[in-house]
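Contents: one structure, followed by commentary.
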Amino acid sequence: MLSVQNLEVVYQDVILVLRGVSFEIPKGKIVALLGSNGSGKTTVIRSITGLLDVQNGDITKGNISVDGEDITNLNPSKIVEKGIAQVMEGRRIFSELTVVENLRLGGHTNSANIQNNIDRVLDMFPALKDRQKGEAGYLSGGEQQMLAIGRALMSEPEYLLLDEPSLGLAPKLVDQISVLIQEINKQGVTVLLVEQNANMALNISDHGYIMETGNIVMDNDSQKLLNDEDVREFYLGLNAEGTKRKSFKDVKHYKRKKRWLS
Amino acid sequence: MTIFLQATVEGLSLAAIYSLVAIGFVLIYKSMDVLSFAQPALAVVGAGLISSLAVDRGVPFWLALFIGITLTGVLGLIVERTFLRPMVGEPVFSVAILTIGIDILLRTTLDNWIGLNPRYMGDPFPTFGNFGSAQFSGVTIKYLEIAALTTAILIIIALNIFFKKSKYGVAMRATSFDQEAALAQGINVGRIFGLVWFIAGILAAFAGFFITGGFNTLSQTSFVVALRALPAVVIGGLDSIPGAVIGSIIIGLTQGYVAYYQYDFETITGITLGNGFSLLAPYIIMFVILVLKPDGLFGTKEVERV
Ligand SMILES: Nc1ncnc2c1ncn2[C@@H]1O[C@H](COP(=O)(O)OP(=O)(O)OP(=O)(O)O)[C@@H](O)[C@H]1O
Ligand SMILES: [Mg+2]
C-alpha cells in the first residue's frame, strides 16, 4: 500500500499548495485522484516521486510511505528503485531521442532486464514497434502517450502514477488508454490515476478522491462517486436530470496553463 | 601549394586542440546551462600535472600522461561538486561569473608553481628529440600535430559511441533535453553533472598537453591558446557538438592561413595588419558570424539575455 498522510507542500517557501492531504492506494487497486485545474494533483505526484525539489517546493508536514516504509523526501532515483514509476503530465517524452532510447531511459534503474522489457513493451504497443528506431518527437499524440506509459513500465514498477494520461487525446484514444490502464492493473501493477476526465477515471477505478485547492474534499467508492449528485454536476458534466452530454467533445475543454520549467 | 598544405596541416592541428576544449564546454552548457570559462584553466592545470609528474618526479612519460589526464578529470568533478552543484537554478550570468572565479583560482595556483621558467612535458620518444616531425613532399608535420589530430578524432568517435550505446551516454542526452523528465526516470542527475565535468576535464587536459608539448612548453600565458576555443564554440552555437568541431576547424584554419599568407597579403595590398594578426583573426570571425547569425551556425538554445 502506498500511503500519503497529512501532506503539506509549499512552493518557493511561501505558496501553500497542499494543506494536509491524506489518501491511500491499496495494492492491486486503481485509485483515481480528481480535481480541477490548480487543485494540487500534480503536486501530490511530485511529492511522492521526489520531484518537488526541482520545482523549488518542499514538504513541510506529513509523510509518505510504501508498504510501511517511509519514503518521504527520498531522491527520485531511490523512489523509482522502490518500485514507483510515473507518467508525467504532458508526457514529457525525450522527443530528440529514438523510441527505443526513450524506453531504455525508463529502464535506467533496471538494467538487468532491459532487453526483455523493451521487447515486452514493444509487443504491447505495435505502433511503437514499427517506429522503434525513429525519433520519438515524430510520433502522434496518442503514440507519445503510449510511449510515456511504456517508458514508465520499463522499471517494472509495483506502483504506476499517471498524471492526466487522457489529456488532449481524441475520445477513441481515451478509451484505448483506459483499457490499457486496466490491462496494466490486471498484470499486478497498482495504479494512481490523476485525471480531469472524471468519467473515464471513475469508470475504471476502485476508489476515488476529489481534491479542491489543496484539500481532499470527498472520497468514496468510484461507483458511488459516479452516482453522487454533486460529482455528477461538477465533474461529470451531467445536468440535474442526469442526461449525459453527447460526447467527450462537448465536455468543456480547459486551457492548459503555462508549464513551469518546461 | 606546399605553403597552402603546410598552413592547412597546422590549422587543422590547432582545430583539434580547440575542439577538445570546445566539446567540453558544449557538454557542460548542454547538460547544465552553465557557460564554463574554467575550461582553459583545466587545460593548463592538466599540463602542469603531467609536467610535474613526468619531469619533476621522473614518472615514466606515458604513466604521467595517464595520471595527469585522469587527475584533471577528477579535478573537474570536484569543481562541479563543490562550486557548481550549489548554484543549480541560479541565473546563467551569476554562474558564468563564478566559473571565471574558478578559472582565476586555478590559474593563480598553477602560475605560482610554474614560476618564470617554462615547463616541459617530457618526451614519449626520447630518440626523436622533442617529438620530432615527418616530411611529406616538403610539408613538415610534427608528431605532436599528428598526435593531436588522431587523439581528437578518436575522442570524437568514442564520444559518439558513448552517447549512442552506453547507458550513461543516453542518460546524459536525456538530461540535456529535459532534466525533470530525466529525474523522473530515476536518472541521478547530479551524477550526470559530475560525469560531464569529468569528461570535460579529461578533454581539457588532452588539449593542455598538445598546447604545451614539445618545444611549446607550459608558461603562464599558455592558457590563451585554450581560450581561443571560445570563439570556436560561439561560432558553432553553444549547444552543438558538431558545431563546436566545425567552429574549431574554422578558427584553426583561419589562424593557419593568416599566419602563412598575411605577409603576401600585406605586400600585395599595402595594408598592414600588424604582428600576430593570426591570433586576432578568430575573434574577428566570431564577431562577423555573430552579427550574421546571433545563435551561431548550429545553435538552437537561446542564451538568457543578460
Ligand atoms: N513550481 C511551482 N511554483 C509555484 N507554484 C506552483 C508550482 N507548481 C504548481 N504551482 C501552483 O500550485 C497549485 C497546484 O498546482 P498543480 O500543478 O499541483 O495542480 P494540478 O491539480 O495538477 O492542476 P492541473 O490540472 O492544471 O494540472 C497551482 O496553484 C499552481 O499554480
Ligand atoms: Mg497537473
Next item on the list: Test each condition in (1) of a type in the set (Val, Ile, Thr); (2) surrounded by 22 or more Cβ atoms within 10 Å (Cβ to Cβ); (3) within 16 Å of ligand 2 (Cβ to nearest atom) for A:Thr190 and report the one that comes out false.
Entry: (3)
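Just to check your reading of the model, which residue among A:Val10, A:Val31 is within 12 Å of ligand 1 (Cβ to nearest atom) and of a type in the set (A, V, I, L, M, F, W, C)? Let's see the steps before the verdict.
Details: A:Val31 fails: within 12 Å of ligand 1 (Cβ to nearest atom).
After ruling out the rest, the residue left standing is A:Val10.
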Notebook entry, point to check: What are the residue pairs meeting all of these: first residue in the range B:87-105, first residue part of a loop (DSSP other than H, G, I, E, B), second residue of a type in the set (Gly, Ala, Ser), Cβ atoms under 9 Å, and 6 or more apart or on different chains?
Noted result: B:Val88/B:Gly190
Next item on the list: List every residue pair whose Cβ atoms sit under 6 Å apart, with the two residues 6 or more apart in sequence or on different chains, where the first one lies in the range A:23-46 and is modelled with pLDDT of 95 or more and the second, anywhere, is near ligand 2 (Cβ under 8 Å from one of its atoms).
Entry: A:Leu33/A:Lys41; A:Leu33/A:Val194; A:Lys41/A:Val194; A:Thr42/A:Glu89; A:Thr42/A:Asp163; A:Ile45/A:Asp163
Note to self: Just checking, does the range B:211-230 include any residue being in contact with a Phe, Trp or Tyr (Cβ under 8 Å, 6 or more places away or on another chain), crowded, with 19+ Cβ neighbours inside 10 Å, farther than 30 Å from B:Leu116 by Cβ and of a type outside the set (S, T, N, Q)?
What the structure shows: no
Notebook entry, point to check: Between residues in the range A:47-76 that are facing chain B (nearest Cβ under 9 Å) and residues that are in a strand (DSSP E or B), which pairs lie under 9 Å by C-beta distance while being six or more apart or on different chains?
Noted result: A:Thr49/A:Ile84; A:Thr49/A:Ala85; A:Thr49/A:Gln86; A:Thr49/A:Leu161; A:Leu51/A:Gly57; A:Leu51/A:Gln86; A:Gln55/A:Tyr11; A:Asn56/A:Tyr11
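Name the single residue, out of those in the range B:142-195 being of a type in the set (Ser, Thr, Tyr) and without any contact (Cβ under 8 Å) to a residue 12 or more places away in the chain, that is nearest to B:Gly11 (Cα to Cα). Full working, then the answer.
Step one: of the range B:142-195, the residues of a type in the set (Ser, Thr, Tyr) are B:143, B:150-151, B:166, B:168, B:175-176.
This time we only want the ones that are without any contact (Cβ under 8 Å) to a residue 12 or more places away in the chain, so: B:150, B:166.
Working: B:Thr150: 14, B:Ser166: 33 Å.
Restricting to residues being of a type in the set (Ser, Thr, Tyr) and without any contact (Cβ under 8 Å) to a residue 12 or more places away in the chain, the top hit is B:Thr150.
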Note to self: Exactly one of these conditions fails for A:Val87: (1) more than 13 Å from ligand 1 (Cβ to nearest atom); (2) under 28 Å from A:Gln196 (Cα atoms); (3) over 18 Å from the mean Cα position of the chain (by Cα); (4) not charged (D, E, K, R). Give me its number.
What the structure shows: (3)
Next item on the list: Go through the range A:47-58 and give me each residue that's under 20 Å from the mean Cα position of the chain (by Cα) and away from ligand 2 (no atom under 16 Å from the Cβ).
Entry: A:Gly50, A:Asp53
Notebook entry, point to check: Among A:Val87, A:Val44, which is the only one that is crowded, with 24+ Cβ neighbours inside 10 Å, within 16 Å of ligand 2 (Cβ to nearest atom), within 13 Å of chain B (Cβ to nearest Cβ) and at negative phi?
Noted result: A:Val87
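Restricting to the range A:146-174, what's the tally of residues that are outside any loop (DSSP other than H, G, I, E, B) and more than 14 Å from chain B (Cβ to nearest Cβ)? Quick ask: steps written out before the conclusion?
So the first thing to find is which residues in the range A:146-174 are outside any loop (DSSP other than H, G, I, E, B), and the list is A:146-153, A:159-163, A:171-174.
Now narrow it down to the ones that are more than 14 Å from chain B (Cβ to nearest Cβ): A:146, A:171-174.
The qualifying residues number 5.
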Next item on the list: Out of the residues in the range A:45-73 that are of a type in the set (Ser, Thr, Tyr) and part of a helix (DSSP H, G or I), state the one that is farthest from ligand 1 (Cβ to nearest atom).
Entry: A:Thr49
Notebook entry, point to check: What is the number of the single condition among (1) away from ligand 1 (no atom under 14 Å from the Cβ); (2) touching a strand residue (DSSP E or B) at 6+ places or on another chain (Cβ under 6 Å) that A:Lys41 does not meet?
Noted result: (1)
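Being of a type in the set (S, T, N, Q), more than 14 Å from chain A (Cβ to nearest Cβ) and in a loop (DSSP other than H, G, I, E, B) is the filter here, so list the residues in the range B:183-223 that pass it. Write out each step before concluding.
The first filter runs over the range B:183-223 and keeps only residues of a type in the set (S, T, N, Q), leaving B:185, B:188, B:212, B:216-217, B:219-222.
Among the residues that remain, those that are also more than 14 Å from chain A (Cβ to nearest Cβ) are: B:212, B:216-217, B:219-222.
Within the range B:183-223, B:Asn216, B:Thr217, B:Ser219, B:Gln220, B:Thr221, B:Ser222 qualify.
Here's a check for you: in the range A:1-41, which residue that is within 14 Å of chain B (Cβ to nearest Cβ) and part of a loop (DSSP other than H, G, I, E, B) is nearest to ligand 2 (Cβ to nearest atom)?
Keep residues of the range A:1-41 that are within 14 Å of chain B (Cβ to nearest Cβ), which gives A:11-13.
Retained after the next criterion (residues that are part of a loop (DSSP other than H, G, I, E, B)): A:12-13.
Numbers: A:Gln12: 18, A:Asp13: 21 Å.
Among those residues, the one meeting the criterion is A:Gln12.
Okay, residues lined up against (1) of a type in the set (Lys, Arg); (2) within 22 Å of A:Gln182 (Cβ to Cβ):
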position	(1), (2)
A:Gln5	no, no
A:Glu8	no, no
A:Tyr11	no, no
A:Val14	no, no
A:Lys29	yes, yes
A:Leu33	no, yes
A:Ser36	no, no
A:Gly40	no, no
Check: How do the pairs read when you match residues in the range A:93-104 that are more than 10 Å from chain B (Cβ to nearest Cβ) with residues anywhere that are part of a strand (DSSP E or B) and among the acidic types (Asp, Glu), using Cβ under 9 Å and keeping only pairs 6 or more apart or on different chains?
Finding: A:Val99/A:Glu135
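The values are calculated or read from the model by the stated rules, or taken from the named source; none is laboratory data. Note that the structure is a prediction, hence the values are computed from the model and not measured. Because the Cβ atoms are built from the backbone with ideal geometry, glycine has one as well, and the counts that use them run over all protein chains shown.
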